[in-house]
1. I'd like the accessible area for residue 264: 1.4 Å probe, protein heavy atoms, all chains in place, Å² to the nearest 10.
2. For segment 55-209, just the Cα set please: Rg and Dmax, both in angstrom.
3. Tell me, in nm to one decimal, what length is gained between residue 184 and residue 50 on full extension, where the rule is 0.36 nm per residue of separation less the Cα-Cα distance?
4. Going by the alpha-carbon gyration tensor, a ≥ b ≥ c the square roots of its eigenvalues, is segment 250-301 rounded (a/c under 1.5) or, if a/c is not under 1.5, prolate (a/b greater than b/c) versus oblate?
5. Does anyone have the angle between helix 192-203 and the longest principal axis of the chain? Alpha-carbon axes, 0 to 90°, nearest 10?
6. Would you please calculate the Kirkwood hydrodynamic radius of segment 124-258 over all C-alpha pairs and express it in Å, rounded to one decimal?
7. With r defined as the distance between the Cβ atoms of residue 158 and residue 217 and R0 fixed at 25 Å, what FRET efficiency is calculated, to the nearest 0.05?
8. I'd like the Karplus ³J(HN,Hα) series for segment 101-116: coefficients 6.51, -1.76, 1.60, θ = phi - 60°, whole numbers in Hz, and an x wherever there's a Gly or Pro.
Amino acid sequence: MGRSKITVVGAGNVGATLAQRLAERGYADIVLVDIVEGLPQGKALDMLEAGPIVGYDSLITGTNAYEETAGSTICVITSGVPRKPGMSRDDLVKTNMNIVRGVTQELVRRSPDAILVIVSNPLDAMAQLAHEVSKFPRQRVVGMAGVLDTARFRTFIAQELNASVRDVQAYVLGGHGDTTVAGIPISKLIKPDRIDAIVKRTRDGGAEIVNLLKTGSAYYAPSAAVAEMVDAIMFDRKQILPCAVRLEGEYGIRGLFVGVPVKLGAGGAEEIIQLELLDDERAALQRSADSVKELVGVMGL
(Lines give C-alpha, C1' and ligand atoms only; values in the text may rest on other atoms or scores of the structure.)
Protein backbone atom coordinates (compact mmCIF):
# COMPACT_ATOMS: atom_id res chain seq x y z
CA MET A 1 0.00 0.00 0.00
CA GLY A 2 1.14 3.51 -0.76
CA ARG A 3 1.10 6.31 1.76
CA SER A 4 -2.12 8.15 2.40
CA LYS A 5 -2.56 11.66 0.99
CA ILE A 6 -3.32 14.72 3.12
CA THR A 7 -4.20 18.05 1.52
CA VAL A 8 -3.52 21.36 3.24
CA VAL A 9 -5.20 24.36 1.62
CA GLY A 10 -3.44 27.64 2.41
CA ALA A 11 0.36 27.95 2.30
CA GLY A 12 0.58 30.75 4.85
CA ASN A 13 2.24 30.30 8.22
CA VAL A 14 -0.35 27.91 9.66
CA GLY A 15 -0.71 25.80 6.53
CA ALA A 16 2.99 25.60 5.71
CA THR A 17 4.00 24.80 9.29
CA LEU A 18 1.31 22.12 9.42
CA ALA A 19 2.56 20.64 6.14
CA GLN A 20 6.06 20.47 7.62
CA ARG A 21 4.84 18.80 10.83
CA LEU A 22 2.86 16.21 8.88
CA ALA A 23 5.67 15.53 6.40
CA GLU A 24 8.05 14.87 9.29
CA ARG A 25 5.65 12.25 10.66
CA GLY A 26 6.22 10.23 7.48
CA TYR A 27 2.85 8.51 7.28
CA ALA A 28 1.37 10.48 4.38
CA ASP A 29 2.21 12.42 1.26
CA ILE A 30 1.27 16.09 1.51
CA VAL A 31 -0.35 18.38 -1.08
CA LEU A 32 -0.03 22.08 -0.27
CA VAL A 33 -2.47 24.31 -2.19
CA ASP A 34 -2.50 28.11 -2.47
CA ILE A 35 -3.72 30.64 -5.03
CA VAL A 36 -0.41 32.57 -4.97
CA GLU A 37 1.72 31.34 -7.83
CA GLY A 38 5.04 29.87 -6.73
CA LEU A 39 4.33 30.08 -2.99
CA PRO A 40 3.17 26.50 -2.34
CA GLN A 41 5.62 25.13 -4.91
CA GLY A 42 8.57 26.88 -3.28
CA LYS A 43 7.65 25.90 0.27
CA ALA A 44 6.93 22.31 -0.76
CA LEU A 45 10.29 22.00 -2.52
CA ASP A 46 12.09 23.41 0.52
CA MET A 47 10.37 20.85 2.78
CA LEU A 48 11.09 18.04 0.32
CA GLU A 49 14.78 18.87 0.42
CA ALA A 50 14.77 18.61 4.22
CA GLY A 51 13.73 14.95 3.99
CA PRO A 52 17.22 13.43 3.70
CA ILE A 53 18.37 15.41 6.75
CA VAL A 54 15.37 14.87 9.02
CA GLY A 55 14.75 11.36 7.72
CA TYR A 56 11.36 11.25 6.03
CA ASP A 57 10.28 10.05 2.59
CA SER A 58 6.96 11.88 2.41
CA LEU A 59 6.34 13.48 -0.95
CA ILE A 60 5.34 17.14 -0.62
CA THR A 61 3.67 18.72 -3.66
CA GLY A 62 2.90 22.42 -4.01
CA THR A 63 0.20 23.50 -6.42
CA ASN A 64 -2.17 26.32 -7.38
CA ALA A 65 -4.80 23.84 -8.62
CA TYR A 66 -6.73 20.94 -7.09
CA GLU A 67 -6.06 18.02 -9.41
CA GLU A 68 -3.22 16.77 -7.22
CA THR A 69 -5.52 16.65 -4.19
CA ALA A 70 -7.68 13.85 -5.60
CA GLY A 71 -8.12 10.88 -3.29
CA SER A 72 -7.09 12.68 -0.10
CA THR A 73 -7.88 10.98 3.20
CA ILE A 74 -7.95 14.28 5.09
CA CYS A 75 -8.30 17.84 3.76
CA VAL A 76 -7.35 20.72 6.05
CA ILE A 77 -8.67 24.17 5.15
CA THR A 78 -6.58 27.03 6.57
CA SER A 79 -7.28 29.57 3.81
CA GLY A 80 -8.92 32.94 4.38
CA VAL A 81 -7.98 36.51 5.21
CA PRO A 82 -7.21 37.77 8.72
CA ARG A 83 -9.30 40.55 10.18
CA LYS A 84 -7.78 43.90 9.21
CA PRO A 85 -8.09 47.30 10.87
CA GLY A 86 -11.49 48.83 10.10
CA MET A 87 -12.94 45.50 8.95
CA SER A 88 -16.13 44.53 10.73
CA ARG A 89 -16.78 40.99 11.87
CA ASP A 90 -19.54 40.71 9.27
CA ASP A 91 -17.12 41.79 6.54
CA LEU A 92 -14.64 39.12 7.65
CA VAL A 93 -17.34 36.44 7.66
CA LYS A 94 -18.56 37.33 4.16
CA THR A 95 -15.04 37.48 2.70
CA ASN A 96 -13.92 34.16 4.17
CA MET A 97 -17.29 32.61 3.41
CA ASN A 98 -16.65 33.01 -0.31
CA ILE A 99 -13.13 31.57 0.02
CA VAL A 100 -14.11 28.55 2.13
CA ARG A 101 -17.13 27.78 -0.04
CA GLY A 102 -15.02 27.65 -3.18
CA VAL A 103 -12.26 25.61 -1.55
CA THR A 104 -14.74 23.11 -0.11
CA GLN A 105 -16.41 22.60 -3.49
CA GLU A 106 -13.05 21.92 -5.16
CA LEU A 107 -11.96 19.45 -2.49
CA VAL A 108 -15.22 17.53 -2.24
CA ARG A 109 -15.39 17.10 -5.99
CA ARG A 110 -12.04 15.26 -5.97
CA SER A 111 -12.04 13.61 -2.54
CA PRO A 112 -15.66 12.66 -1.78
CA ASP A 113 -14.65 10.32 1.06
CA ALA A 114 -12.29 12.72 2.84
CA ILE A 115 -12.59 14.11 6.36
CA LEU A 116 -12.56 17.92 6.40
CA VAL A 117 -10.68 19.71 9.18
CA ILE A 118 -11.52 23.41 9.25
CA VAL A 119 -9.08 25.99 10.63
CA SER A 120 -10.26 29.15 8.82
CA ASN A 121 -11.85 31.91 10.92
CA PRO A 122 -14.36 32.58 12.28
CA LEU A 123 -13.95 28.88 12.98
CA ASP A 124 -17.38 27.62 14.02
CA ALA A 125 -19.13 29.54 11.24
CA MET A 126 -16.67 28.32 8.58
CA ALA A 127 -17.11 24.73 9.76
CA GLN A 128 -20.88 25.21 9.53
CA LEU A 129 -20.44 26.48 5.96
CA ALA A 130 -18.15 23.62 4.93
CA HIS A 131 -20.69 21.13 6.27
CA GLU A 132 -23.53 22.77 4.33
CA VAL A 133 -21.51 22.94 1.10
CA SER A 134 -19.96 19.46 1.29
CA LYS A 135 -23.19 17.66 2.28
CA PHE A 136 -20.90 15.32 4.24
CA PRO A 137 -22.22 13.57 7.35
CA ARG A 138 -21.42 15.59 10.45
CA GLN A 139 -18.76 13.08 11.54
CA ARG A 140 -16.58 14.10 8.58
CA VAL A 141 -16.48 17.88 9.15
CA VAL A 142 -14.53 18.92 12.24
CA GLY A 143 -13.29 22.33 13.34
CA MET A 144 -10.01 22.98 15.15
CA ALA A 145 -10.32 25.37 18.08
CA GLY A 146 -10.68 23.51 21.35
CA VAL A 147 -7.37 21.66 21.04
CA LEU A 148 -5.56 24.99 20.68
CA ASP A 149 -7.50 26.71 23.47
CA THR A 150 -6.89 23.73 25.74
CA ALA A 151 -3.15 23.79 24.99
CA ARG A 152 -3.01 27.48 25.92
CA PHE A 153 -5.00 26.87 29.10
CA ARG A 154 -2.71 23.99 30.13
CA THR A 155 0.36 26.08 29.38
CA PHE A 156 -0.74 28.97 31.59
CA ILE A 157 -1.75 26.67 34.46
CA ALA A 158 1.58 24.83 34.30
CA GLN A 159 3.42 28.16 34.41
CA GLU A 160 1.35 29.35 37.36
CA LEU A 161 2.16 26.23 39.39
CA ASN A 162 5.66 25.61 38.03
CA ALA A 163 4.45 22.14 37.04
CA SER A 164 4.84 19.96 33.96
CA VAL A 165 2.29 20.53 31.23
CA ARG A 166 2.01 16.73 31.09
CA ASP A 167 0.38 16.75 34.53
CA VAL A 168 -2.23 19.37 33.61
CA GLN A 169 -5.45 17.84 32.31
CA ALA A 170 -8.05 20.19 30.83
CA TYR A 171 -10.81 20.52 28.28
CA VAL A 172 -11.85 23.92 27.01
CA LEU A 173 -15.32 23.85 25.51
CA GLY A 174 -17.33 26.80 24.23
CA GLY A 175 -17.14 28.46 27.61
CA HIS A 176 -16.29 25.55 29.88
CA GLY A 177 -13.05 24.21 31.35
CA ASP A 178 -12.77 21.02 33.41
CA THR A 179 -9.27 21.05 34.83
CA THR A 180 -6.97 19.10 37.14
CA VAL A 181 -3.24 19.02 37.85
CA ALA A 182 -1.97 15.51 38.67
CA GLY A 183 -5.59 14.62 39.42
CA ILE A 184 -6.13 17.54 41.82
CA PRO A 185 -8.77 20.15 40.84
CA ILE A 186 -7.08 23.49 40.17
CA SER A 187 -9.57 25.19 42.51
CA LYS A 188 -7.61 23.54 45.32
CA LEU A 189 -4.27 24.72 43.96
CA ILE A 190 -4.88 28.19 42.55
CA LYS A 191 -6.80 31.11 44.04
CA PRO A 192 -10.05 32.07 42.27
CA ASP A 193 -8.77 35.45 41.07
CA ARG A 194 -5.74 33.80 39.46
CA ILE A 195 -7.97 31.18 37.80
CA ASP A 196 -10.12 33.99 36.39
CA ALA A 197 -6.97 35.69 35.06
CA ILE A 198 -5.79 32.45 33.42
CA VAL A 199 -9.20 31.88 31.84
CA LYS A 200 -9.18 35.44 30.46
CA ARG A 201 -5.64 35.03 29.10
CA THR A 202 -6.70 31.78 27.42
CA ARG A 203 -9.76 33.46 25.90
CA ASP A 204 -7.57 36.29 24.56
CA GLY A 205 -4.67 33.98 23.65
CA GLY A 206 -4.71 34.68 19.93
CA ALA A 207 -5.04 38.45 20.39
CA GLU A 208 -2.09 38.49 22.80
CA ILE A 209 0.17 36.97 20.15
CA VAL A 210 -1.17 39.26 17.40
CA ASN A 211 -0.42 42.29 19.58
CA LEU A 212 3.13 41.09 20.21
CA LEU A 213 3.87 40.24 16.58
CA LYS A 214 2.31 43.48 15.24
CA THR A 215 1.88 41.74 11.87
CA GLY A 216 0.64 38.18 11.55
CA SER A 217 -0.81 35.78 14.08
CA ALA A 218 -0.07 32.50 15.87
CA TYR A 219 0.91 29.46 13.87
CA TYR A 220 3.24 27.16 15.84
CA ALA A 221 0.58 26.12 18.37
CA PRO A 222 -2.34 26.14 15.89
CA SER A 223 -0.45 23.88 13.47
CA ALA A 224 0.48 21.54 16.34
CA ALA A 225 -3.19 21.39 17.36
CA VAL A 226 -4.27 20.39 13.84
CA ALA A 227 -1.49 17.82 13.65
CA GLU A 228 -2.74 16.19 16.86
CA MET A 229 -6.22 15.92 15.33
CA VAL A 230 -4.81 14.47 12.10
CA ASP A 231 -2.79 11.91 14.09
CA ALA A 232 -5.93 10.82 15.95
CA ILE A 233 -7.75 10.27 12.65
CA MET A 234 -4.88 8.63 10.76
CA PHE A 235 -4.04 6.20 13.58
CA ASP A 236 -7.69 5.63 14.54
CA ARG A 237 -6.80 6.49 18.14
CA LYS A 238 -10.36 7.10 19.37
CA GLN A 239 -8.79 10.04 21.22
CA ILE A 240 -11.02 12.41 23.17
CA LEU A 241 -10.28 15.93 21.95
CA PRO A 242 -12.27 19.17 22.12
CA CYS A 243 -13.36 19.99 18.56
CA ALA A 244 -16.04 22.04 16.84
CA VAL A 245 -18.74 19.66 15.61
CA ARG A 246 -22.37 19.96 14.60
CA LEU A 247 -24.61 19.22 17.57
CA GLU A 248 -27.99 17.60 17.02
CA GLY A 249 -29.49 17.84 20.49
CA GLU A 250 -26.37 17.19 22.55
CA TYR A 251 -25.97 19.76 25.33
CA GLY A 252 -29.42 21.04 24.37
CA ILE A 253 -28.07 22.57 21.14
CA ARG A 254 -29.26 21.63 17.67
CA GLY A 255 -27.97 22.40 14.18
CA LEU A 256 -24.89 24.43 15.16
CA PHE A 257 -21.14 23.82 15.32
CA VAL A 258 -19.89 24.20 18.90
CA GLY A 259 -16.69 23.12 20.63
CA VAL A 260 -17.26 19.95 22.71
CA PRO A 261 -15.24 16.81 23.51
CA VAL A 262 -15.42 14.23 20.74
CA LYS A 263 -13.92 10.80 20.13
CA LEU A 264 -11.69 11.33 17.09
CA GLY A 265 -10.83 8.30 14.98
CA ALA A 266 -10.70 6.98 11.42
CA GLY A 267 -14.34 7.92 10.91
CA GLY A 268 -13.79 11.49 12.08
CA ALA A 269 -15.84 12.71 15.04
CA GLU A 270 -17.11 9.23 15.89
CA GLU A 271 -18.81 10.10 19.17
CA ILE A 272 -19.76 13.27 21.03
CA ILE A 273 -18.91 13.05 24.71
CA GLN A 274 -21.55 14.65 26.92
CA LEU A 275 -20.17 16.00 30.18
CA GLU A 276 -22.27 16.91 33.18
CA LEU A 277 -22.20 20.70 33.27
CA LEU A 278 -23.13 23.06 36.05
CA ASP A 279 -25.85 25.61 35.28
CA ASP A 280 -23.39 28.46 34.73
CA GLU A 281 -21.20 26.26 32.52
CA ARG A 282 -24.20 25.21 30.43
CA ALA A 283 -25.22 28.86 30.11
CA ALA A 284 -21.70 29.76 28.93
CA LEU A 285 -21.81 27.00 26.32
CA GLN A 286 -25.21 28.24 25.15
CA ARG A 287 -23.80 31.77 24.76
CA SER A 288 -21.10 30.34 22.50
CA ALA A 289 -23.79 28.61 20.43
CA ASP A 290 -25.79 31.85 20.22
CA SER A 291 -22.71 33.63 18.88
CA VAL A 292 -22.32 30.97 16.17
CA LYS A 293 -26.00 31.27 15.31
CA GLU A 294 -25.55 34.99 14.80
CA LEU A 295 -22.67 34.46 12.38
CA VAL A 296 -24.59 31.77 10.54
CA GLY A 297 -27.38 34.31 10.10
CA VAL A 298 -24.90 36.75 8.54
CA MET A 299 -23.96 34.06 6.03
CA GLY A 300 -27.61 33.37 5.25
CA LEU A 301 -27.37 29.65 6.04
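1. 0
2. Looking at segment 55-209, its Cα Rg and Dmax stand at 19.0, 55 Å.
3. Details: separation 134, 0.36 × 134 = 48.24 nm, distance 4.30 nm.
Roughly 43.9 nm would be gained on extension.
4. Oblate, since a/c reaches 1.5 and b/c is not below a/b.
5. The answer is roughly 20 degrees.
6. Numbers: mean 1/r = 0.0614 Å⁻¹.
Averaging 1/r across every pair of different Cα atoms and inverting gives 16.3 Å.
7. Numbers: r = 23 Å, r/R0 = 0.92.
That gives a FRET efficiency of 0.65.
8. Per residue, the Karplus-derived 3J(HN,Hα) values read 4, x, 4, 4, 4, 5, 5, 5, 4, 9, 9, x, 10, 6, 9, 9 Hz.
The values are calculated or read from the model by the stated rules, or taken from the named source; none is laboratory data. Please read all numbers here as calculations on a predicted model, not as lab measurements. Counting neighbours? That spans all protein chains shown, and the Cβs are built from the backbone with ideal geometry, glycine included. When the accessible area is computed, the model is the full protein with side chains, heavy atoms only, and any ligands, DNA or RNA have been set aside. Shrake-Rupley method; radii C 1.70, N 1.55, O 1.52, S 1.80 Å.
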